[in-house]
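*Asks:* Supplied in structure tokens, the structure appears directly below.
The values are calculated or read from the model by the stated rules, or taken from the named source; none is laboratory data. These numbers come from a predicted model, not from an experiment. Counting neighbours? That spans all protein chains shown, and the Cβs are built from the backbone with ideal geometry, glycine included. The area values use the complete protein model at the heavy-atom level, side chains included, leaving out ligands, DNA and RNA. Shrake-Rupley method; radii C 1.70, N 1.55, O 1.52, S 1.80 Å.
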Amino acid sequence: MTFNSTAFKQQFPLFSHAENAQLVYLDNAATTQRPQCVIDAMSDFYSRYNANTHRSSHRLARAATSMVEMVRGQAADFLNARAHDEIIFTRGATEALNLLSQSLAKNLRPGDQIVLSAAEHHANLVPWQMVANQYQLELRFLPDVQGEPQLDKLPQLLNEKTKVVALSAASNALGFRIAVEWIKPLLPDACQLVVDASQRLAHDVVDVQAWDCDFLVGSAHKFYGPTGIGLLYGRAESLAKLPPWQGGGEMISRVTLESSEYAAAPHRFEAGTSSLAAIAGLGAALTFLQSQNREAMATYESHLNRYLHSELTRLTQTLPIKLLTSHNNNVGIAALVCRPESSLSVSDIADWLDQHDIAVRVGHHCAQPLMDSLGQAGSLRVSLAAYNNRDDVDALIHALERLPFESREIPASSTEGGEWLGDDLSSVSLDELANQPSWQKRYRQLTRWANLLQPKPEIRNETNRVHGCESEVWMVHQQQGDRHCFAIDTDSRVIQGLSVLLLVLLDNRTAEEIRSVDVNQTFVELGLEKYLSESRSNGFRALLDQMLGYLS
Ligand code: PMP
């Protein structure tokens, strides 16, 4: 049996929707699409047997309860857990990691240590930071090479105080897999292994017994299931020792006014009503995935990923971009950054791709420490799923080849005698933008305006950074008499254009004049509110707020 990506893709109704005829969806690490069977299972739950589980003794409640318990069994099989009761339903990987960190920490002592890596998704970092503060625990981090944690260095970090090692089985930002099966034999007896498998479950057959992990988490929406539902696997003995996280209905065996006795796992960890329709959808997603030839599917994905990486590598020879990833042992993620001489930022590239209906993602991908360690503010991430094909990669490459890069020389830093760096935009008029007949033409005008903003390496430092923008933006202010002057630099072409707009409206004016300009109204009138992406609008507002902040 082989894997047929075309037949697989036909199961996903989103791709046959007329408005998505040209869509190239390459944002699968954020969320995958759902096959029809998942959508049907959710709708079937609501239209045929919607009821709350356990509490009611009627036919519908029994049907809902048996569905939930059946899906629990399917999930146990999916992960090769030893027993159904080792599966807990959560809202997603994030909730599972909050549950684990809070519950595990209650059994720890001040000074106990938790080992993580700098490549973790914030969901596997922030909850541990919170409990570390709350319970005086110490967080330790595996050394890495170019962001990739070095498992062979793990023994050096371990001692009798190490109580938890929590690592992602694959990076959501760079796609590399780690050899999870190596970890447990290295750990002291009292140390529990938590695996964040969020980025593995769509791509690999995961076996919790082979990995010998104590806990494992994942979100269904990353493996073709619904949002709002996730899996937490816990080894039976580990779960037995784990105190509950949230209190409420369903998680107790007896309650008095003073105290409660808690139910056994898994119900001890499932307070309240779960996302029942989502559990039904998860069951369908598991059946769907299990009915594929997973080995052939993985081979298909790996060949496609190799093709993606070789094509992107080819582009790096001619375009000012750099590839941070390699296809080796990678779940299907390519990460690109722009070289310093590039006239475009990764956000500009994502906008360009969006205009060609190619969906990718830019930013720090909830892995800010990883980006920091790579010296990058963010990257452009292309992430594959089994319904992608070479045509998708070709469309991406073709669009990238046509990117309107211009050579942009970044002058060496040279302000003699504190010379004011502001751009002279006195000849630019708002009408040049306002008179454009369509949004597309206005957008083009904005990118033409971008050329008017000169690079200012002198101001590119932390003090001048404008926070709240997805792109890197720096601003300085100077009062000349009663006039306020601003100088802006940014790596993003669209933000350069928007900065010119702001400078045309506000630069070299008195505080009174500035306050009388209704920038928000202009923003709406120009259609910017409607057509600009949310992150660009936020960037614009962050710039505006900073400018207005100088007046007070
Ligand atoms: N861990 C990893 C590795 C992830 O990629 C993600 C989602 N991007 C999460 C955790 C959090 O998943 P969710 O938002 O579904 O809870």
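*Asks:* Considering only protein heavy atoms, with the full assembly of protein chains and a 1.4 angstrom probe, order Lys9, Lys241, Lys153 by accessible area, largest first.
*Replies:* Heavy-atom accessible area, descending, gives Lys241, Lys153, Lys9.
*Asks:* Could you state the number of Å between the C-alpha centres of region 200-278 and region 175-199?
*Replies:* 19 Å
*Asks:* Under 18 Å Cα-Cα from Lys456, which aspartates and glutamates qualify once same-chain neighbours fewer than 8 residues away are excluded?
*Replies:* Glu341, Glu406, Glu409, Glu416, Glu419, Asp423, Asp424, Glu472, Asp489, Asp491, Asp507
*Asks:* Additional query: At what distance in angstrom do the alpha carbon centres of region 130-171 and region 428-489 lie from each other?
*Replies:* Cα centres, region 130-171 to region 428-489: 42 Å.
*Asks:* Give me the 1.4 Å probe accessible area per residue for region 416-549, excluding ligands and nucleic acids, in Å². Spell out each step's value before the answer.
*Replies:* Numbers: 6420 Å² over 134 residues.
Result: 48 Å² of accessible area for each residue.
*Asks:* How much of the accessible area of region 1-61, in percent, comes from carbon and sulfur atoms when a 1.4 Å probe is used?
*Replies:* Values: 1780 of 3590 Å².
The computed percentage sits at 50.
*Asks:* Please work out the FRET efficiency for the pair Asn107 and Asp77, using the Cβ-Cβ distance as r and a Förster radius of 22 Å; give the result to the nearest 0.05.
*Replies:* Working: r = 30 Å, r/R0 = 1.34.
For Asn107 and Asp77, the calculated efficiency is 0.15.
*Asks:* Then there is this: Between rounded, prolate and oblate, where does region 1-126 land on the alpha carbon gyration tensor, with a ≥ b ≥ c its root eigenvalues, rounded for a/c under 1.5, else prolate if a/b exceeds b/c? Mind showing how you got there, number by number?
*Replies:* Working: a/c = 2.25, a/b = 1.22, b/c = 1.84.
Note, shape of region 1-126 comes out oblate.
*Asks:* Quick check on the chain: of the DSSP beta bridges with both residues there, what percent are antiparallel, nearest 5%?
*Replies:* Values: 38 of 57 bridges.
Percent antiparallel among DSSP bridges in the chain is about 65.
*Asks:* Now for a different question. Using a 1.4 angstrom probe, figure out how much accessible area region 127-219 has per residue, in square angstrom, rounded to the nearest whole.
*Replies:* Working: 3620 Å² over 93 residues.
Here the per-residue accessible area is 39 Å².
*Asks:* To the nearest 20 debye, what is the magnitude of the charge dipole of the chain about its Cα centre, counting +1 on the Cβ of each Lys and Arg and -1 on the Cβ of each Asp and Glu? List each step's numbers first, then the result.
*Replies:* On the way: 47 positive and 64 negative charges, 278 e Å.
So the dipole magnitude of the chain works out to roughly 1340 debye.
*Asks:* So, one more: Would you mind getting me the FRET efficiency between Trp182 and Ala240? Use the beta-carbon distance for r and R0 = 22 Å, nearest 0.05. Could the numbers behind the result be given before it?
*Replies:* Working: r = 26 Å, r/R0 = 1.20.
With a Förster radius of 22 Å, E is 0.25.
*Asks:* Another one. Kindly provide the helix-only [θ] at 222 nm of the chain, computed as the sum of -39,500 (n - 2.57) over DSSP H runs of four or more divided by all residues, to the nearest 500 deg cm²/dmol?
*Replies:* Calculated from helices alone, the mean residue ellipticity at 222 nm is -11500 deg cm²/dmol.
*Asks:* Using amide H atoms built in the peptide plane, which far-off residues or other-chain residues are under 5 Å from Ser492 H to H?
*Replies:* Hits under the 5 Å cutoff: Glu472.
*Asks:* Can you list which of the trypsin sites (Lys or Arg not before Pro) found in region 25-122 are DSSP loop residues with at most 13 other C-beta atoms within 10 Å?
*Replies:* On the way: sites: Arg48, Arg55, Arg59, Arg62, Arg72, Arg82, Arg91, Lys106; in loops: Arg55, Arg82, Arg91.
Passing sites in region 25-122 are Arg55, Arg82.
*Asks:* By average Cβ neighbour count within 10 Å, what is the ranking of 200-208, 538-546, 437-445, 15-23 from highest down? Spell out each step's value before the answer.
*Replies:* Details: 200-208: 21.6, 538-546: 19.0, 437-445: 13.8, 15-23: 10.9.
So the order, starting with the most tightly packed, is 200-208, 538-546, 437-445, 15-23.
*Asks:* Right, here's the next one. Could you state the per residue volume, in Å³, of the convex hull enclosing the Cα atoms of the chain? All intermediate terms of the calculation are to be shown ahead of the outcome.
*Replies:* Details: hull volume 109.4 nm³, N = 552.
Cα-based convex hull of the chain, divided per residue, equals 198 Å³.
*Asks:* Roughly how many Å is it from the Cα centre of region 36-70 to that of region 94-108, as a whole number?
*Replies:* So the two Cα centres are separated by 29 Å.
*Asks:* Given the peptides 511-517, 344-350, arrange them by the average over their residues of other C-beta atoms within 10 Å, most packed first. Please report the intermediate quantities before stating the final value.
*Replies:* Details: 511-517: 13.1, 344-350: 26.0.
Averaged packing, sorted descending, gives the order 344-350, 511-517.
*Asks:* Based on the mean of other Cβ atoms within 10 Å per residue, sort peptides 116-123, 449-456 so the most packed one is first. Please list the in-between numbers first.
*Replies:* Working: 116-123: 22.8, 449-456: 18.9.
Descending mean neighbour count gives 116-123, 449-456.
*Asks:* Under a 5 Å amide H to amide H cut-off, with H placed in plane at 1.01 Å, what residues pair with Arg140 once short-range neighbours are removed?
*Replies:* Residues meeting the amide H criterion: Ile114, Val115, Leu116.
*Asks:* What helices does the chain hold that run 15 Å or longer along their axis, going by alpha-carbon atoms, with a Kyte-Doolittle average of 0.5 or more, using DSSP H for the helix calls? Mind showing how you got there, number by number?
*Replies:* Details: long enough: 36-48 (17 Å, -0.02); 59-79 (30 Å, 0.27); 93-106 (20 Å, 0.28); 276-290 (21 Å, 1.77); 294-318 (37 Å, -0.95); 390-401 (16 Å, -0.15); 439-450 (16 Å, -1.88); 493-506 (20 Å, 2.19); 534-549 (22 Å, -0.47).
Correct list, ordered by number: 276-290, 493-506.
*Asks:* Right, next: So, R0 is 30 Å and r is the distance between the beta-carbons of Arg483 and Leu23; what FRET efficiency does that work out to, to 0.05?
*Replies:* Values: r = 49 Å, r/R0 = 1.63.
Efficiency, rounded to the nearest 0.05: 0.05.
*Asks:* Can you sort Lys163, Lys530 by 1.4 Å-probe accessible area, starting with the largest?
*Replies:* Reading off the accessible areas and sorting them downward yields Lys530, Lys163.
*Asks:* Take the residue pairs Lys161/Lys241; Lys106/Lys163; Lys106/Lys222; Lys153/Lys241; Lys153/Lys222 and return only those whose Cα atoms are more than 20 Å apart. Could you put the intermediate results ahead of the total?
*Replies:* Values: Lys161/Lys241 18 Å; Lys106/Lys163 12 Å; Lys106/Lys222 30 Å; Lys153/Lys241 29 Å; Lys153/Lys222 30 Å.
Lys106/Lys222; Lys153/Lys241; Lys153/Lys222, as the Cα separations exceed 20 Å there.
*Asks:* Leaving out ligands, DNA and RNA, what percent of the accessible area of region 416-549 is carbon and sulfur, probe 1.4 Å? It would help to have the intermediate numbers written out before the result.
*Replies:* Details: 2740 of 6420 Å².
Accessible surface attributable to carbon and sulfur in region 416-549 totals 43 percent.
*Asks:* Same structure, new question: I need to check one value: relative contact order of the chain, counting alpha carbon pairs closer than 8 Å and at least 6 residues apart, in percent. Don't skip to the answer; put the middle values down first.
*Replies:* Working: 1003 pairs, mean separation 81.5, N = 552.
For the chain, the relative contact order is 15 percent.
*Asks:* Expressed as a rounded percentage, what relative contact order does region 11-112 have, with Cα pairs under 8 Å and six or more residues apart? Walk me through the numbers on the way to the answer.
*Replies:* Details: 53 pairs, mean separation 13.1, N = 102.
So the answer I get is 13 percent.
*Asks:* Give the carbon-plus-sulfur fraction of the accessible surface of region 271-346 in %, rounded to a whole number; probe 1.4 Å, heavy atoms of protein chains only. Provide the component values of the computation, followed by the final result.
*Replies:* On the way: 1420 of 2860 Å².
Carbon plus sulfur share of accessible area: 50 percent.
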